[in-house]
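The values are calculated or read from the model by the stated rules, or taken from the named source; none is laboratory data. Just so you know, these numbers come straight off a predicted model, no measurement behind them. Counting neighbours? That spans all protein chains shown, and the Cβs are built from the backbone with ideal geometry, glycine included.
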Amino acid sequence: MSEPKLLKLVIAVLHRDIVASLRRGSEWSNPLVFFVMVCALFPLGIGPQPDRLADLAPGILWVVALLASLLATDSLFRGDFDDATLEQMLLTHQSLYPQVLAKTLAHWLVTGLPLSLLSPMLGLLLHLPGEGTVPLMLSLVLGTSVLSFIGAIGAALTVGLRKGGLLLSLIVLPLYIPVLIFGSSAVKAAIEGAAYLPQLAMLGVFFLGALAFAPLAICGALRISVDQ
Amino acid sequence: MSISSTFHKWGSPRWFYQFSGRLLPWLAILSLLLLVGGAVWGLAFVPADYKQGNSFRIMYIHVPAAAVAMGAYMTMATAGAIHLIWRMKLAAMVMKAIAPIGASLTFLSLLTGAVWGKPTWGTWWVWDARITSVLILFFLYLGVIALHQAFENRDAAAKACAVLAIVGAVNIPIIYWSVEWWYSLHQPASISFTGESTIHPSMLRPLMATLCGMYLFFGWLLLLYTRIEILEREKNTRWVQDLICGESR
Amino acid sequence: MLNSGLEVKQLYTDRDDRVLFSDLSFQLNAGQLLQIAGPNGSGKTSLLRILAGLSSRYSGEVLWQGKSLQKNRHDYLQQLLYIGHGAGIKAVLSPLENLRWSCALRGAENSDVVLLDALNKVGLRGFEEQPCFSLSAGQQRRVNLARLFCIPAQLWILDEPFTAIDQGGVCEIEQWLSEFVSGGGSVLLTTHHKLSVSQDFSVIALGASNV
Amino acid sequence: MYFNSVSELFSMSGHGSYVWFSYGVSALVLATLVIIARRRRAAAEQHIRALVRRKDATTSN
């Protein structure tokens, strides 16, 4: 397959998925609303003292962002499975890999990226020290993309099941742990005045690894889910 | 190629069933001997640890359970890969058989770890790198079991679990290494105790016995569960029906 | 043989220990139309999904141009157009956007003129830019069927193409099938409708032995 | 034996309850795995016998 043809395929899938989720609205807005609401619950649960919140903010923001991304992931292939457009993706001589890559990327663009961009505001609400803001955003940008790829594997495995939602979190959450560790640690390191680039570099490594290998698992999982 | 080649291998579960039948008694006797012998040795004959006193004796069950649980996950992922690549039905059965055994051993390792922690560290649970890793391994097992139960179609369940187990196995080194790194960041000086530094060579020998015993016991259970899977899946074949009901009918 | 298209040998499949069909063999060459008939639950959709390569739950052989489907998958998918009983379109997108995406998946480089022409053919002139959820069930089905006119293929596998289509529409579709077949294409379809096309065609009845 | 008496073996200078509890639970879990295997095997055999009886009944008629 020639390069421009591959690129055309990727662009077509990206365009279609982004347009579809922007038109539906809830797909990109619900995770954001969830992110804001759950972050607002924490001061109510642990008290309003700014220093205490500031101490916990990196962890809270990262865990809640992770959960928001997880919730959004369930719908990644479900719509296509229900309206049988997923069958069309499988029934073409063009390879599935770039299609899956484009779909996951589109999903990240409408869920993970807005989450990352919104995070500084929630950092303010939780009294996150100013030095942590930029690392928080950067680590979320890198981290949520990895989360999207890992989550897509789980979404592809559970898309054919009637009760996929909770099951998806069971199988995906343990795999999220390394991302959480390095993401929140980058923010903490920045607040303490230490170097946070190593952690970001690690997230970058995870991203490259996920970019290369996750679509393989996703393709296999999709074929299994359709073949029932 | 998919089904036709698997039909060629119909003989393979049958062969496995007959072969494993001869292995079962030896595995059972040897594993129980090693487990019970090692436990008695470790409980009653090894001198107490000068630092921990007698609580270290839990190690003789905790360490083998953790080690075998880890090995079991890798075996499960390998079986999954074999099932996906060569479409071997037997591998799917082995994979399904491992999940509950591995999860039980992981649970055992967590429980004994917690009980060991109470007299040693004065608390039931410590977010120590090793225990946290075992906890994550437990979650991974639960995920595989939950996914398997959610499918109605057995073949799809096996394939989906194979993919998940492989993804998990690829991630385990990354997860373990991340958790190690995370722990090294937060490690308070007071809990810098590690098991190995205080182990005296004489304490290691019973551990070897229970470790080998646990591996063999796992092998025994694996054969038992796989044989049941074979019976359930091949229930419509002549050889299974002859085997259960006698050839005279 | 150059013409040998789809060939099925001793196909067997079951669901939950219930045999849907066994020892099913047939051949579908260029310029032929084959109707799969049978009551609900007789395995028509299962058969079509197997032939489309979506399902691997079978034993037996499926050959495309003399080679097994697994070995010849790339060529086969290039020649196959499968329209299942699912919607096959995204409801929030317009018919035109849906077709653009479908063509891009197949690597069919069509200008919008071709796509508009296809939509015109299925009777959706004036609806090209409306979101599909605002169309009726029959119109949505027509959007899906418009793929027949913008994706080049040799073999059409159609699962109940007449669902939700009005009487006049059914005649039109039969007309398209005729034209495609006389142009050298092959069609495999399921329907409960009594088919009237200008060519001779064969019918395979599934589930007949159970009745 | 390392301990001077059986009662000392049981008490293990205060750690006895932890140690014996661990070993007890371990024995229980491992035994349960074996018992479950036995039961599932019996159930599978019963299922197959019923299957064969049904088959024999239909073929003899």
Would you pick out the residues in segment D:7-35 that are of a type in the set (A, V, I, L, M, F, W, C) and at the interface with chain B (Cβ under 8 Å from one of its Cβ atoms)?
-> D:Leu9, D:Met12, D:Val19, D:Phe21, D:Val25, D:Val29, D:Leu30, D:Leu33, D:Val34
Say we look at segment A:142-176 and pick out the residues that are of a type in the set (Val, Ile, Thr) and within 13 Å of the chain's Cα centre (by Cα); which of these is nearest to A:Trp108 (Cα to Cα)?
-> A:Thr144
Given the structure, is D:Arg49 among the charged types (D, E, K, R) and at the interface with another protein chain (Cβ under 8 Å from one of its Cβ atoms)?
-> yes
Can you confirm whether segment A:155-173 contains a residue that is surrounded by 22 or more Cβ atoms within 10 Å (Cβ to Cβ), under 19 Å from A:Pro98 (Cβ atoms) and small (Gly, Ala, Ser)?
-> yes
Quick one: in segment C:70-96, of everything that is facing chain A (nearest Cβ under 7 Å) and either acidic (Asp, Glu) or outside any loop (DSSP other than H, G, I, E, B) (or both), which residue is surrounded by the fewest Cβ atoms within 10 Å (Cβ to Cβ)?
-> C:His74
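Quick check: anything in segment C:127-142 of a type in the set (Asp, Glu), outside the structural domain of C:Lys194 (by TED's automatic domain parsing), assigned to a helix (DSSP H, G or I) and loosely packed, with under 15 Cβ neighbours inside 10 Å?
Let us first name the residues in segment C:127-142 that are of a type in the set (Asp, Glu), namely C:128-129.
Checking which are outside the structural domain of C:Lys194 (by TED's automatic domain parsing) leaves us with C:128-129.
Now restrict to residues that are assigned to a helix (DSSP H, G or I): none.
Among the residues of segment C:127-142, not one is of a type in the set (Asp, Glu), outside the structural domain of C:Lys194 (by TED's automatic domain parsing), assigned to a helix (DSSP H, G or I) and loosely packed, with under 15 Cβ neighbours inside 10 Å, which makes the answer no.
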Of the residues in segment D:36-46 that are among the basic types (Lys, Arg) and at the interface with chain B (Cβ under 8 Å from one of its Cβ atoms), the one that is nearest to B:Ile29 (Cα to Cα) is D:Arg41
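How many residues does segment B:137-149 hold that are within 7 Å of chain A (Cβ to nearest Cβ) and surrounded by fewer than 21 Cβ atoms within 10 Å (Cβ to Cβ)?
Number satisfying all stated conditions: 3.
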Is one or more of the residues making up segment B:98-107 within 14 Å of chain A (Cβ to nearest Cβ) and more than 12 Å from the chain's Cα centre (by Cα)?
-> no
Taking segment A:103-121 on its own, how many of its residues are farther than 29 Å from A:Leu6 by Cβ and surrounded by fewer than 23 Cβ atoms within 10 Å (Cβ to Cβ)?
-> 4
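C:Val187 - would you say it is over 14 Å from C:Gly88 (Cβ atoms) and aliphatic (A, V, I, L, M)?
Yes.
Look through B:Val163, B:Val134, B:Val170, B:Val179 and report the one residue that is under 16 Å from A:Pro174 (Cβ atoms), out of contact with any helix residue (DSSP H, G or I) (no Cβ under 7 Å at 6 or more places or on another chain) and of a type outside the set (Lys, Arg). Lay out the reasoning, then the answer.
Values: B:Val163 fails: out of contact with any helix residue (DSSP H, G or I) (no Cβ under 7 Å at 6 or more places or on another chain); B:Val134 fails: out of contact with any helix residue (DSSP H, G or I) (no Cβ under 7 Å at 6 or more places or on another chain); B:Val179 fails: out of contact with any helix residue (DSSP H, G or I) (no Cβ under 7 Å at 6 or more places or on another chain).
The unique qualifying residue is B:Val170.
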Can you find a residue in segment A:1-20 that is more than 21 Å from A:Leu86 (Cα to Cα) and of a type in the set (Gly, Ala, Ser)?
-> yes
Any residue in segment C:50-69 that's within 10 Å of chain B (Cβ to nearest Cβ): show its pairings with residues that are part of a loop (DSSP other than H, G, I, E, B) at Cβ separation under 6 Å, as long as the two are six or more apart or on different chains.
-> C:Ser56/A:Asp227; C:Leu69/C:Gly53
Counting only residues that are at pLDDT 85 or above and within 30 Å of C:Ser59 (Cα to Cα), give me the helices (runs of 4 or more DSSP H) lying completely in segment B:1-97 with at least 3 of them.
-> B:11-40, B:59-86
Where residues in segment B:113-124 are surrounded by fewer than 19 Cβ atoms within 10 Å (Cβ to Cβ) and in a helix (DSSP H, G or I), which of them is farthest from the other protein chains (Cβ to nearest Cβ)?
-> B:Trp121
When you go through C:Ser178, C:Ser198 one by one, which is the residue that is at negative phi, out of contact with any helix residue (DSSP H, G or I) (no Cβ under 7 Å at 6 or more places or on another chain) and of a type in the set (Ser, Thr, Tyr)?
-> C:Ser178
Check segment A:14-31 and report whether any residue there is over 30 Å from C:Asn98 (Cβ atoms) and of a type in the set (Phe, Trp, Tyr).
-> no
Neighbours by Cβ (under 8 Å, 6+ apart or cross-chain): first from segment A:204-218, away from chain B (no Cβ under 12 Å) and over 17 Å from B:Val163 (Cα atoms); second polar (S, T, N, Q) and surrounded by 15 or more Cβ atoms within 10 Å (Cβ to Cβ) = A:Phe207/A:Ser145
Members of segment C:181-192 found to be closer than 21 Å to C:Gly168 by Cβ and either surrounded by fewer than 16 Cβ atoms within 10 Å (Cβ to Cβ) or in contact with a Lys or Arg (Cβ under 8 Å, 6 or more places away or on another chain) (or both), listed by number = C:His192
From the list B:Trp26, B:Trp127, which one is away from chain D (no Cβ under 13 Å), free of Cβ contacts under 8 Å to residues at least 60 places away in the same chain and over 21 Å from the mean Cα position of the chain (by Cα)?
-> B:Trp127
Matching residues in segment B:57-72 (under 14 Å from B:Tyr141 (Cα atoms) and touching a helix residue (DSSP H, G or I) at 6+ places or on another chain (Cβ under 6 Å)) number 4
Which condition number in (1) more than 13 Å from C:Cys103 (Cβ to Cβ); (2) at pLDDT 90 or above; (3) assigned to a loop (DSSP other than H, G, I, E, B) is the one that C:Ala153 fails?
-> (1)
Could you check, for segment A:53-73, whether at least one of its residues is at pLDDT 90 or above, surrounded by 16 or more Cβ atoms within 10 Å (Cβ to Cβ), part of a helix (DSSP H, G or I) and in contact with a His (Cβ under 6 Å, 6 or more places away or on another chain)?
-> yes
